[in-house]
Amino acid sequence: MKTILVSIWLLISGTVVSQAIGQAASTQRTDTISTAETVFSAADFYEAVLQHHPIVRQAALLSQEARQEIRQARGAFDPKLFSVYDRKEFGKTLYYDKWQSGLSIPVLPGGIDVKMTYDRNGGQYLNPEDRVPSSGLAAVGVSVPIGQGLLIDARRNALRQAEQAINLAEADRLKLINKTLYDAAKTYWDWYTAYQQVRLIRQGYQLADTRFQGIRERALLGDAAPIDTTEALITVQDRLVQLRQAEVDWQNARLRLTAFLWHSDDTEGAPRPVDLPALVIPQTNPILPVSEEQFQNLLSRATEQHPELVKLTAKREQLAIEERFRRSLLQPQISVSANLLSRTPSANERYDWASYYAFRADNHKIGVDFTLPLFLRKERGKLRQVQLKSQQLALERQQTGRDIVNGVQSAWNELKALESQLTLQRQTVVNQQTLLQAEQQKFDMGESSLFLINSRETKLIDLQVKQAELQAKYQKAIANLWYAAGTYTQASD
(Lines give C-alpha, C1' and ligand atoms only; values in the text may rest on other atoms or scores of the structure.)
Protein backbone atom coordinates (compact mmCIF):
# COMPACT_ATOMS: atom_id res chain seq x y z
CA MET A 1 0.00 0.00 0.00
CA LYS A 2 2.80 2.34 0.93
CA THR A 3 4.55 1.61 -2.37
CA ILE A 4 1.36 2.42 -4.33
CA LEU A 5 0.93 5.75 -2.54
CA VAL A 6 4.54 6.69 -3.22
CA SER A 7 4.09 5.84 -6.90
CA ILE A 8 0.95 7.99 -7.18
CA TRP A 9 2.63 10.91 -5.42
CA LEU A 10 5.62 10.72 -7.75
CA LEU A 11 3.36 10.63 -10.80
CA ILE A 12 1.49 13.70 -9.59
CA SER A 13 4.68 15.62 -8.85
CA GLY A 14 5.96 14.76 -12.31
CA THR A 15 2.74 15.99 -13.94
CA VAL A 16 2.94 19.37 -12.18
CA VAL A 17 6.15 20.33 -13.94
CA SER A 18 5.82 18.23 -17.08
CA GLN A 19 4.49 21.13 -19.12
CA ALA A 20 7.21 23.53 -17.95
CA ILE A 21 9.92 20.94 -18.44
CA GLY A 22 8.63 20.09 -21.90
CA GLN A 23 8.64 23.74 -22.88
CA ALA A 24 12.16 24.14 -21.55
CA ALA A 25 13.27 21.07 -23.46
CA SER A 26 11.79 22.52 -26.64
CA THR A 27 13.65 25.78 -26.02
CA GLN A 28 16.78 23.78 -25.35
CA ARG A 29 16.52 22.08 -28.74
CA THR A 30 16.24 25.39 -30.57
CA ASP A 31 18.62 27.59 -28.56
CA THR A 32 21.59 25.42 -27.66
CA ILE A 33 24.77 25.47 -29.70
CA SER A 34 24.49 23.35 -32.81
CA THR A 35 26.17 23.00 -36.15
CA ALA A 36 23.56 25.34 -37.64
CA GLU A 37 24.58 28.26 -35.43
CA THR A 38 27.04 30.85 -36.70
CA VAL A 39 29.62 32.62 -34.58
CA PHE A 40 29.62 36.40 -35.00
CA SER A 41 33.09 37.46 -33.85
CA ALA A 42 33.86 40.80 -32.27
CA ALA A 43 36.25 41.68 -35.11
CA ASP A 44 33.53 41.08 -37.73
CA PHE A 45 31.09 43.11 -35.68
CA TYR A 46 33.50 46.05 -35.41
CA GLU A 47 34.19 45.87 -39.13
CA ALA A 48 30.47 45.99 -39.91
CA VAL A 49 30.04 49.02 -37.67
CA LEU A 50 32.97 50.79 -39.33
CA GLN A 51 31.63 50.20 -42.82
CA HIS A 52 27.91 50.78 -42.47
CA HIS A 53 26.92 52.53 -39.25
CA PRO A 54 25.17 55.88 -39.94
CA ILE A 55 27.19 57.74 -37.31
CA VAL A 56 30.43 56.55 -38.90
CA ARG A 57 29.07 57.72 -42.26
CA GLN A 58 28.18 61.03 -40.65
CA ALA A 59 31.71 61.36 -39.30
CA ALA A 60 33.13 61.04 -42.83
CA LEU A 61 31.07 64.07 -43.86
CA LEU A 62 32.93 66.30 -41.41
CA SER A 63 36.12 66.22 -43.49
CA GLN A 64 34.16 66.87 -46.67
CA GLU A 65 32.54 69.88 -45.03
CA ALA A 66 35.96 71.24 -44.04
CA ARG A 67 37.18 70.86 -47.62
CA GLN A 68 34.27 72.98 -48.77
CA GLU A 69 35.40 75.65 -46.33
CA ILE A 70 38.77 75.65 -48.09
CA ARG A 71 37.03 75.95 -51.44
CA GLN A 72 35.11 78.95 -50.18
CA ALA A 73 38.31 80.59 -48.90
CA ARG A 74 40.01 80.00 -52.24
CA GLY A 75 37.13 81.84 -53.85
CA ALA A 76 38.74 85.10 -52.69
CA PHE A 77 41.50 84.44 -55.26
CA ASP A 78 39.19 83.75 -58.18
CA PRO A 79 39.73 85.99 -61.24
CA LYS A 80 36.91 88.46 -61.74
CA LEU A 81 35.48 90.02 -64.85
CA PHE A 82 33.91 93.42 -64.39
CA SER A 83 32.24 96.05 -66.50
CA VAL A 84 31.02 99.52 -65.48
CA TYR A 85 28.91 101.72 -67.74
CA ASP A 86 27.95 105.30 -66.82
CA ARG A 87 26.12 107.73 -69.12
CA LYS A 88 24.52 111.14 -68.60
CA GLU A 89 22.40 112.96 -71.20
CA PHE A 90 20.33 116.04 -70.37
CA GLY A 91 18.63 118.63 -72.59
CA LYS A 92 19.72 116.81 -75.73
CA THR A 93 23.32 117.20 -74.54
CA LEU A 94 25.55 114.19 -73.90
CA TYR A 95 27.44 115.09 -70.78
CA TYR A 96 29.50 111.89 -70.64
CA ASP A 97 29.43 108.30 -71.78
CA LYS A 98 31.92 106.15 -69.84
CA TRP A 99 32.50 102.43 -70.13
CA GLN A 100 35.19 100.43 -68.36
CA SER A 101 35.64 96.68 -68.57
CA GLY A 102 38.42 94.49 -67.35
CA LEU A 103 39.80 91.42 -65.64
CA SER A 104 41.21 91.30 -62.11
CA ILE A 105 43.44 88.38 -61.14
CA PRO A 106 44.51 88.03 -57.48
CA VAL A 107 47.86 86.28 -57.06
CA LEU A 108 48.17 84.19 -53.90
CA PRO A 109 51.86 84.83 -53.10
CA GLY A 110 52.55 88.40 -52.09
CA GLY A 111 48.95 89.60 -52.17
CA ILE A 112 49.46 91.01 -55.67
CA ASP A 113 46.52 91.91 -57.89
CA VAL A 114 46.98 91.86 -61.68
CA LYS A 115 44.48 94.02 -63.50
CA MET A 116 43.69 94.50 -67.20
CA THR A 117 41.19 97.19 -68.20
CA TYR A 118 39.68 98.76 -71.28
CA ASP A 119 38.23 102.29 -71.12
CA ARG A 120 36.14 103.98 -73.74
CA ASN A 121 34.82 107.39 -72.77
CA GLY A 122 33.19 110.34 -74.55
CA GLY A 123 30.90 113.30 -74.00
CA GLN A 124 30.82 117.09 -74.11
CA TYR A 125 31.49 117.60 -70.39
CA LEU A 126 33.80 114.64 -69.80
CA ASN A 127 36.41 115.17 -67.11
CA PRO A 128 39.72 115.83 -68.90
CA GLU A 129 41.50 113.07 -66.97
CA ASP A 130 38.98 110.58 -68.30
CA ARG A 131 39.63 111.43 -71.97
CA VAL A 132 40.91 108.52 -73.99
CA PRO A 133 41.55 107.88 -77.69
CA SER A 134 38.44 107.39 -79.77
CA SER A 135 39.21 103.68 -80.16
CA GLY A 136 39.64 103.26 -76.40
CA LEU A 137 42.47 102.92 -73.89
CA ALA A 138 43.88 99.60 -72.68
CA ALA A 139 45.85 99.22 -69.46
CA VAL A 140 47.78 96.34 -67.92
CA GLY A 141 49.12 96.72 -64.39
CA VAL A 142 49.67 95.39 -60.91
CA SER A 143 48.89 96.52 -57.39
CA VAL A 144 51.44 95.50 -54.77
CA PRO A 145 51.13 96.02 -50.99
CA ILE A 146 54.46 97.11 -49.54
CA GLY A 147 53.62 97.37 -45.86
CA GLN A 148 50.44 95.85 -44.51
CA GLY A 149 49.29 92.87 -46.56
CA LEU A 150 52.66 91.98 -48.10
CA LEU A 151 53.22 88.75 -46.16
CA ILE A 152 49.65 88.04 -45.10
CA ASP A 153 46.27 89.63 -45.65
CA ALA A 154 42.64 88.82 -44.87
CA ARG A 155 42.30 86.50 -47.86
CA ARG A 156 45.38 84.44 -47.08
CA ASN A 157 44.50 84.43 -43.39
CA ALA A 158 41.08 82.93 -44.13
CA LEU A 159 42.56 80.34 -46.50
CA ARG A 160 45.27 79.15 -44.10
CA GLN A 161 42.85 78.88 -41.22
CA ALA A 162 40.46 76.89 -43.41
CA GLU A 163 43.32 74.51 -44.23
CA GLN A 164 43.88 73.95 -40.52
CA ALA A 165 40.17 73.27 -40.15
CA ILE A 166 40.80 70.01 -42.05
CA ASN A 167 42.77 68.76 -39.04
CA LEU A 168 39.97 69.87 -36.74
CA ALA A 169 37.40 67.97 -38.80
CA GLU A 170 39.60 64.88 -38.93
CA ALA A 171 39.98 64.94 -35.15
CA ASP A 172 36.22 65.26 -34.72
CA ARG A 173 35.74 62.37 -37.17
CA LEU A 174 38.07 60.10 -35.21
CA LYS A 175 36.48 61.13 -31.93
CA LEU A 176 33.00 60.28 -33.19
CA ILE A 177 34.12 56.92 -34.61
CA ASN A 178 35.97 56.06 -31.40
CA LYS A 179 32.89 56.78 -29.30
CA THR A 180 30.65 54.73 -31.60
CA LEU A 181 32.98 51.73 -31.57
CA TYR A 182 33.44 51.97 -27.82
CA ASP A 183 29.68 51.84 -27.31
CA ALA A 184 29.46 48.99 -29.81
CA ALA A 185 32.16 47.04 -27.96
CA LYS A 186 30.36 47.38 -24.63
CA THR A 187 27.12 46.24 -26.25
CA TYR A 188 28.80 43.21 -27.85
CA TRP A 189 30.30 42.00 -24.60
CA ASP A 190 27.00 42.53 -22.79
CA TRP A 191 25.53 40.23 -25.43
CA TYR A 192 28.36 37.77 -24.76
CA THR A 193 27.63 37.85 -21.00
CA ALA A 194 23.92 37.25 -21.56
CA TYR A 195 24.65 34.34 -23.89
CA GLN A 196 27.05 32.71 -21.44
CA GLN A 197 24.50 33.05 -18.66
CA VAL A 198 21.86 31.30 -20.76
CA ARG A 199 24.29 28.57 -21.74
CA LEU A 200 25.51 27.89 -18.17
CA ILE A 201 22.11 28.09 -16.52
CA ARG A 202 20.64 25.81 -19.19
CA GLN A 203 23.38 23.27 -18.52
CA GLY A 204 22.58 23.46 -14.81
CA TYR A 205 18.90 23.03 -15.57
CA GLN A 206 19.60 19.97 -17.71
CA LEU A 207 21.71 18.43 -14.96
CA ALA A 208 19.02 19.10 -12.37
CA ASP A 209 16.33 17.67 -14.64
CA THR A 210 18.37 14.55 -15.33
CA ARG A 211 19.01 14.13 -11.63
CA PHE A 212 15.31 14.59 -10.87
CA GLN A 213 14.33 11.91 -13.39
CA GLY A 214 16.91 9.53 -11.97
CA ILE A 215 15.87 10.05 -8.35
CA ARG A 216 12.26 9.69 -9.36
CA GLU A 217 12.95 6.31 -10.93
CA ARG A 218 14.95 5.24 -7.89
CA ALA A 219 12.11 6.32 -5.59
CA LEU A 220 9.67 4.26 -7.64
CA LEU A 221 11.96 1.29 -7.14
CA GLY A 222 12.32 2.02 -3.42
CA ASP A 223 16.04 2.85 -3.61
CA ALA A 224 15.58 6.52 -2.64
CA ALA A 225 13.44 8.43 -0.21
CA PRO A 226 10.37 10.09 -1.81
CA ILE A 227 11.25 13.41 -0.17
CA ASP A 228 14.43 13.50 -2.26
CA THR A 229 12.30 13.92 -5.36
CA THR A 230 10.77 17.05 -3.84
CA GLU A 231 14.18 18.57 -3.29
CA ALA A 232 15.28 17.61 -6.80
CA LEU A 233 12.06 19.05 -8.23
CA ILE A 234 12.54 22.36 -6.38
CA THR A 235 16.01 22.66 -7.89
CA VAL A 236 14.59 22.02 -11.38
CA GLN A 237 11.91 24.64 -10.90
CA ASP A 238 14.33 27.20 -9.46
CA ARG A 239 16.76 26.79 -12.35
CA LEU A 240 13.93 26.91 -14.85
CA VAL A 241 12.93 30.33 -13.47
CA GLN A 242 16.54 31.47 -13.74
CA LEU A 243 16.72 30.15 -17.29
CA ARG A 244 13.61 32.05 -18.35
CA GLN A 245 14.99 35.30 -16.97
CA ALA A 246 18.38 34.69 -18.58
CA GLU A 247 16.69 34.08 -21.94
CA VAL A 248 14.84 37.40 -21.64
CA ASP A 249 18.12 39.18 -20.82
CA TRP A 250 19.76 37.51 -23.79
CA GLN A 251 17.01 38.60 -26.17
CA ASN A 252 17.22 42.19 -24.91
CA ALA A 253 20.99 42.16 -25.29
CA ARG A 254 20.51 40.89 -28.85
CA LEU A 255 18.18 43.80 -29.59
CA ARG A 256 20.69 46.32 -28.26
CA LEU A 257 23.36 44.78 -30.46
CA THR A 258 21.08 44.91 -33.49
CA ALA A 259 20.91 48.70 -33.15
CA PHE A 260 24.54 48.82 -34.35
CA LEU A 261 23.98 46.61 -37.40
CA TRP A 262 23.37 48.31 -40.73
CA HIS A 263 24.03 47.52 -44.36
CA SER A 264 24.33 49.42 -47.62
CA ASP A 265 25.31 48.40 -51.13
CA ASP A 266 27.81 51.26 -51.56
CA THR A 267 29.32 54.17 -49.68
CA GLU A 268 26.79 56.63 -51.10
CA GLY A 269 23.64 54.61 -50.50
CA ALA A 270 21.52 55.07 -47.41
CA PRO A 271 22.23 52.34 -44.81
CA ARG A 272 19.42 49.95 -43.95
CA PRO A 273 18.92 48.32 -40.54
CA VAL A 274 19.82 44.64 -40.28
CA ASP A 275 18.23 42.14 -37.89
CA LEU A 276 20.50 39.69 -36.14
CA PRO A 277 19.51 36.10 -37.04
CA ALA A 278 18.38 33.92 -34.14
CA LEU A 279 21.11 31.33 -34.76
CA VAL A 280 23.97 33.83 -34.50
CA ILE A 281 25.99 33.64 -31.28
CA PRO A 282 28.97 35.60 -29.95
CA GLN A 283 32.49 34.30 -30.04
CA THR A 284 33.53 32.07 -27.17
CA ASN A 285 37.27 32.59 -27.48
CA PRO A 286 38.16 35.98 -26.02
CA ILE A 287 40.52 38.48 -27.60
CA LEU A 288 44.18 38.03 -26.66
CA PRO A 289 45.37 40.16 -23.71
CA VAL A 290 47.21 43.43 -24.23
CA SER A 291 50.96 43.23 -23.81
CA GLU A 292 53.18 45.77 -22.10
CA GLU A 293 54.67 46.72 -25.48
CA GLN A 294 51.21 47.44 -26.90
CA PHE A 295 50.42 49.59 -23.89
CA GLN A 296 53.59 51.64 -24.32
CA ASN A 297 52.80 52.13 -28.01
CA LEU A 298 49.28 53.22 -27.14
CA LEU A 299 50.55 55.63 -24.52
CA SER A 300 53.06 57.13 -26.93
CA ARG A 301 50.45 57.45 -29.63
CA ALA A 302 47.95 59.04 -27.24
CA THR A 303 50.42 61.79 -26.29
CA GLU A 304 50.87 62.74 -29.94
CA GLN A 305 47.81 61.73 -31.97
CA HIS A 306 44.87 61.77 -29.57
CA PRO A 307 41.93 63.53 -31.29
CA GLU A 308 41.61 66.03 -28.46
CA LEU A 309 45.29 66.98 -28.77
CA VAL A 310 45.01 67.14 -32.55
CA LYS A 311 42.09 69.54 -32.20
CA LEU A 312 43.96 71.76 -29.78
CA THR A 313 47.03 71.71 -32.01
CA ALA A 314 44.96 72.76 -35.01
CA LYS A 315 43.35 75.55 -33.00
CA ARG A 316 46.81 76.68 -31.88
CA GLU A 317 47.95 76.83 -35.49
CA GLN A 318 44.87 78.83 -36.40
CA LEU A 319 45.57 81.29 -33.61
CA ALA A 320 49.20 81.56 -34.73
CA ILE A 321 48.01 82.48 -38.21
CA GLU A 322 45.51 84.95 -36.76
CA GLU A 323 48.19 86.52 -34.57
CA ARG A 324 50.50 86.92 -37.55
CA PHE A 325 47.70 88.61 -39.46
CA ARG A 326 46.88 90.92 -36.57
CA ARG A 327 50.53 91.91 -36.25
CA SER A 328 50.56 92.83 -39.92
CA LEU A 329 47.67 95.23 -39.30
CA LEU A 330 49.97 97.30 -37.08
CA GLN A 331 51.99 98.23 -40.16
CA PRO A 332 51.02 101.19 -42.35
CA GLN A 333 48.95 100.45 -45.42
CA ILE A 334 51.14 101.21 -48.42
CA SER A 335 49.98 100.03 -51.81
CA VAL A 336 51.84 100.77 -55.04
CA SER A 337 50.08 100.38 -58.37
CA ALA A 338 51.63 100.62 -61.85
CA ASN A 339 49.92 100.33 -65.23
CA LEU A 340 51.13 100.40 -68.82
CA LEU A 341 48.77 102.21 -71.18
CA SER A 342 48.10 101.75 -74.87
CA ARG A 343 45.67 103.08 -77.41
CA THR A 344 43.35 100.39 -78.72
CA PRO A 345 43.47 99.98 -82.51
CA SER A 346 40.36 100.26 -84.60
CA ALA A 347 38.52 97.21 -85.79
CA ASN A 348 40.17 97.24 -89.25
CA GLU A 349 43.67 98.04 -88.00
CA ARG A 350 46.47 95.87 -86.72
CA TYR A 351 48.19 96.70 -83.47
CA ASP A 352 51.35 98.74 -84.04
CA TRP A 353 53.90 97.90 -81.35
CA ALA A 354 56.21 100.67 -82.66
CA SER A 355 53.54 103.35 -82.28
CA TYR A 356 54.10 106.20 -79.85
CA TYR A 357 50.79 105.23 -78.16
CA ALA A 358 51.59 101.51 -77.80
CA PHE A 359 52.58 99.77 -74.58
CA ARG A 360 55.88 101.40 -73.59
CA ALA A 361 57.48 102.85 -70.50
CA ASP A 362 56.49 106.39 -71.43
CA ASN A 363 52.80 105.47 -71.40
CA HIS A 364 52.04 104.62 -67.81
CA LYS A 365 49.94 105.35 -64.78
CA ILE A 366 51.27 104.90 -61.24
CA GLY A 367 49.84 105.47 -57.81
CA VAL A 368 50.66 105.14 -54.12
CA ASP A 369 48.10 104.74 -51.34
CA PHE A 370 49.13 105.33 -47.71
CA THR A 371 47.00 104.88 -44.59
CA LEU A 372 48.04 104.68 -40.93
CA PRO A 373 45.70 104.98 -37.92
CA LEU A 374 47.37 107.18 -35.31
CA PHE A 375 46.56 105.16 -32.18
CA LEU A 376 45.98 101.64 -33.55
CA ARG A 377 43.77 100.88 -30.56
CA LYS A 378 41.53 98.50 -32.47
CA GLU A 379 44.45 96.60 -33.97
CA ARG A 380 46.44 96.41 -30.72
CA GLY A 381 43.37 95.31 -28.76
CA LYS A 382 42.56 92.53 -31.21
CA LEU A 383 46.17 91.36 -31.24
CA ARG A 384 46.28 91.18 -27.46
CA GLN A 385 43.01 89.28 -27.44
CA VAL A 386 44.44 86.68 -29.83
CA GLN A 387 47.58 86.37 -27.70
CA LEU A 388 45.50 85.75 -24.58
CA LYS A 389 43.53 83.06 -26.37
CA SER A 390 46.80 81.43 -27.39
CA GLN A 391 47.96 81.38 -23.78
CA GLN A 392 44.66 79.87 -22.66
CA LEU A 393 44.90 77.24 -25.36
CA ALA A 394 48.47 76.34 -24.37
CA LEU A 395 47.40 75.83 -20.76
CA GLU A 396 44.38 73.79 -21.86
CA ARG A 397 46.59 71.59 -24.01
CA GLN A 398 48.93 70.91 -21.10
CA GLN A 399 46.04 69.87 -18.87
CA THR A 400 44.39 67.82 -21.61
CA GLY A 401 47.64 66.02 -22.35
CA ARG A 402 48.05 65.10 -18.72
CA ASP A 403 44.43 63.97 -18.42
CA ILE A 404 44.86 61.74 -21.47
CA VAL A 405 48.01 60.12 -20.08
CA ASN A 406 46.32 59.56 -16.72
CA GLY A 407 43.25 58.16 -18.46
CA VAL A 408 45.28 55.65 -20.45
CA GLN A 409 47.28 54.67 -17.36
CA SER A 410 44.07 54.28 -15.34
CA ALA A 411 42.54 52.08 -18.05
CA TRP A 412 45.70 49.97 -18.09
CA ASN A 413 45.65 49.56 -14.29
CA GLU A 414 42.03 48.45 -14.42
CA LEU A 415 42.87 46.00 -17.20
CA LYS A 416 45.72 44.42 -15.24
CA ALA A 417 43.56 44.19 -12.11
CA LEU A 418 40.82 42.42 -14.06
CA GLU A 419 43.42 40.12 -15.60
CA SER A 420 44.54 38.93 -12.16
CA GLN A 421 40.92 38.63 -10.98
CA LEU A 422 40.06 36.56 -14.04
CA THR A 423 43.01 34.23 -13.45
CA LEU A 424 41.95 33.76 -9.84
CA GLN A 425 38.33 33.19 -10.88
CA ARG A 426 39.38 30.45 -13.31
CA GLN A 427 41.24 28.70 -10.50
CA THR A 428 38.19 29.04 -8.26
CA VAL A 429 35.96 27.45 -10.90
CA VAL A 430 38.38 24.52 -11.28
CA ASN A 431 38.46 24.03 -7.51
CA GLN A 432 34.68 24.14 -7.32
CA GLN A 433 34.44 21.54 -10.09
CA THR A 434 36.80 19.31 -8.13
CA LEU A 435 34.71 19.79 -5.00
CA LEU A 436 31.52 18.96 -6.91
CA GLN A 437 33.06 15.78 -8.35
CA ALA A 438 34.17 14.68 -4.90
CA GLU A 439 30.71 15.39 -3.49
CA GLN A 440 29.15 13.39 -6.33
CA GLN A 441 31.39 10.43 -5.53
CA LYS A 442 30.42 10.62 -1.87
CA PHE A 443 26.75 10.80 -2.88
CA ASP A 444 27.12 7.70 -5.06
CA MET A 445 28.58 5.88 -2.03
CA GLY A 446 25.71 7.06 0.16
CA GLU A 447 27.89 9.37 2.26
CA SER A 448 26.40 12.67 1.04
CA SER A 449 23.01 14.19 0.39
CA LEU A 450 21.15 15.63 -2.57
CA PHE A 451 21.11 19.01 -0.83
CA LEU A 452 24.91 19.18 -0.82
CA ILE A 453 25.09 18.11 -4.47
CA ASN A 454 22.65 20.85 -5.51
CA SER A 455 24.45 23.42 -3.37
CA ARG A 456 27.84 22.56 -4.87
CA GLU A 457 26.40 22.60 -8.36
CA THR A 458 24.59 25.91 -7.85
CA LYS A 459 27.76 27.44 -6.50
CA LEU A 460 29.66 26.19 -9.54
CA ILE A 461 27.12 27.75 -11.91
CA ASP A 462 27.33 31.04 -10.04
CA LEU A 463 31.12 31.00 -10.24
CA GLN A 464 31.04 30.19 -13.96
CA VAL A 465 28.59 33.04 -14.60
CA LYS A 466 30.83 35.38 -12.63
CA GLN A 467 33.78 34.20 -14.70
CA ALA A 468 31.86 35.05 -17.88
CA GLU A 469 31.00 38.47 -16.45
CA LEU A 470 34.65 39.08 -15.58
CA GLN A 471 35.66 37.97 -19.06
CA ALA A 472 33.22 40.44 -20.61
CA LYS A 473 34.36 43.17 -18.22
CA TYR A 474 37.95 42.44 -19.22
CA GLN A 475 37.11 42.83 -22.90
CA LYS A 476 35.29 46.09 -22.15
CA ALA A 477 38.41 47.27 -20.32
CA ILE A 478 40.46 46.55 -23.45
CA ALA A 479 38.02 48.64 -25.49
CA ASN A 480 38.21 51.37 -22.85
CA LEU A 481 42.01 51.36 -23.07
CA TRP A 482 41.90 51.94 -26.83
CA TYR A 483 39.19 54.55 -26.42
CA ALA A 484 41.21 56.41 -23.78
CA ALA A 485 44.18 56.36 -26.15
CA GLY A 486 42.02 57.96 -28.85
CA THR A 487 42.26 55.21 -31.45
CA TYR A 488 40.11 52.41 -32.80
CA THR A 489 42.90 50.34 -34.37
CA GLN A 490 42.21 47.47 -31.99
CA ALA A 491 38.67 47.20 -33.30
CA SER A 492 39.91 46.02 -36.67
CA ASP A 493 42.60 43.67 -35.33
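The values are calculated or read from the model by the stated rules, or taken from the named source; none is laboratory data. Given the structure is predicted, the values throughout are model-derived calculations rather than measurements. FYI the Cβ positions are ideal-geometry reconstructions off the backbone, even for glycines, and counts take in every protein chain you see. For the accessible areas, the whole protein counts, side chains as well, though only heavy atoms, and no ligand, DNA or RNA atoms are used. Shrake-Rupley method; radii C 1.70, N 1.55, O 1.52, S 1.80 Å.
Points worth noting:
- Placing unit charges on the Cβ atoms only, positive for Lys and Arg and negative for Asp and Glu, gives region 32-172 a dipole magnitude near 900 debye about its Cα centre.
- Cα principal axis extents for region 77-155, largest first, Å: 52, 22, 21
- The chain, helix-only ellipticity at 222 nm - DSSP H runs n ≥ 4, -39,500 (n - 2.57), divided by all residues, nearest 500: -22500 deg cm²/dmol
- Region 139-274, accessible surface, carbon-and-sulfur percent (1.4 angstrom probe): 59 percent
- Kirkwood radius, region 159-244, all distinct C-alpha pairs, inverse of mean reciprocal distance: 17.3 Å.
- Kirkwood-based Rg to Rh ratio, region 210-267, C-alpha trace: 1.47
- Projected over all directions and averaged, the alpha-carbon convex hull of region 99-144 occupies 3.6 nm².
- FRET efficiency for the pair Ile55 and Gln441, taken as 1/(1 + (r/R0)^6) with r the Cβ-Cβ distance and R0 = 56 Å, rounds to 0.50.
- Between Asn406 and Thr284, the FRET efficiency from the beta-carbon distance, with R0 = 45 Å, is close to 0.85.
- Region 308-347 residues near the modelled Phe375 label - backbone nitrogen below 18 Å, point 7 Å along Cα→Cβ: 330-331
- Couplings 3J(HN,Hα) of region 81-94, computed from phi: 8, 9, 8, 10, 10, 9, 9, 9, 9, 8, x, 6, 10, 7 Hz, in residue order, whole Hz [Karplus 6.51 cos²θ - 1.76 cosθ + 1.60, θ = phi - 60°; x for Gly and Pro].
- Protein heavy-atom accessible surface, 1.4 Å probe, per residue over the chain: 57 Å².
- Pair-distance distribution P(r) for region 362-493, from all Cα-Cα distances in 5 Å bins starting at 0: 2, 8, 9, 9, 8, 7, 7, 6, 6, 5, 5, 4, 4, 3, 3, 2, 2, 2, 2, 1, 1, 1, 1, 0, 0, 0 percent.
- Ordering Asn157, Ala139, Val39 by Cα displacement along the dipole of region 34-161 toward the positive end leaves Ala139 in first place; charges were set at the Cβ atoms of Lys, Arg (+1) and Asp, Glu (-1).
- Highest average packing first - 350-362, 204-216, Cβ atoms within 10 Å: 204-216, 350-362
- The charge dipole of region 108-197, taken about its Cα centre with unit charges on the Cβ atoms of Lys, Arg (+1), Asp and Glu (-1) only, comes to about 100 debye.
- With the simple spin-label model, which puts each label point 7 Å out from Cα in the Cβ direction, the Glu304 to Leu220 separation comes to 7.5 nm.
- Each of Val336 and Ala354 was given a label point 7 Å from its Cα along the Cα-to-Cβ line. The distance between the two points is 3.4 nm.
- Of the residues Leu415, Ile281, Ala314, the one whose Cα sits farthest toward the positive end of the charge dipole of the chain, with +1 on the Cβ of Lys and Arg and -1 on the Cβ of Asp and Glu, is Ala314.
- Peptides 99-106, 172-179 ordered by average Cβ neighbours within 10 Å, highest first: 172-179, 99-106
- Sorting the segments 368-378, 150-160 by their mean number of nearby beta carbons within 10 angstrom, highest to lowest, gives 150-160, 368-378.
- Label-point separation, Ser448 to Val39 (7 Å along Cα→Cβ), nm: 3.2 nm
- Magnitude of the charge dipole, region 398-469, Cβ model with Lys/Arg +1 and Asp/Glu -1, debye to 20: 180 debye
- The Cα-based radius of gyration and maximum Cα-Cα distance (Dmax) for region 253-381 are 34.2, 93 Å.
- Under 5 Å, built H, 5+ apart or other chain: amide partners of Ser264: Arg272
- According to the Cα-based calculation, Rg over Rh for region 270-318 is 1.27, with Rh computed by the Kirkwood formula.
- Residue by residue, region 356-371 carries 3J(HN,Hα) couplings of 5, 9, 7, 5, 7, 4, 6, 9, 8, 9, 10, x, 9, 10, 9, 9 Hz when phi is fed to the Karplus relation 6.51 cos²θ - 1.76 cosθ + 1.60 (θ = phi - 60°); x denotes Gly or Pro.
- Built amide H within the under 5 Å cut-off of Gly147, gap 5+: Ile334
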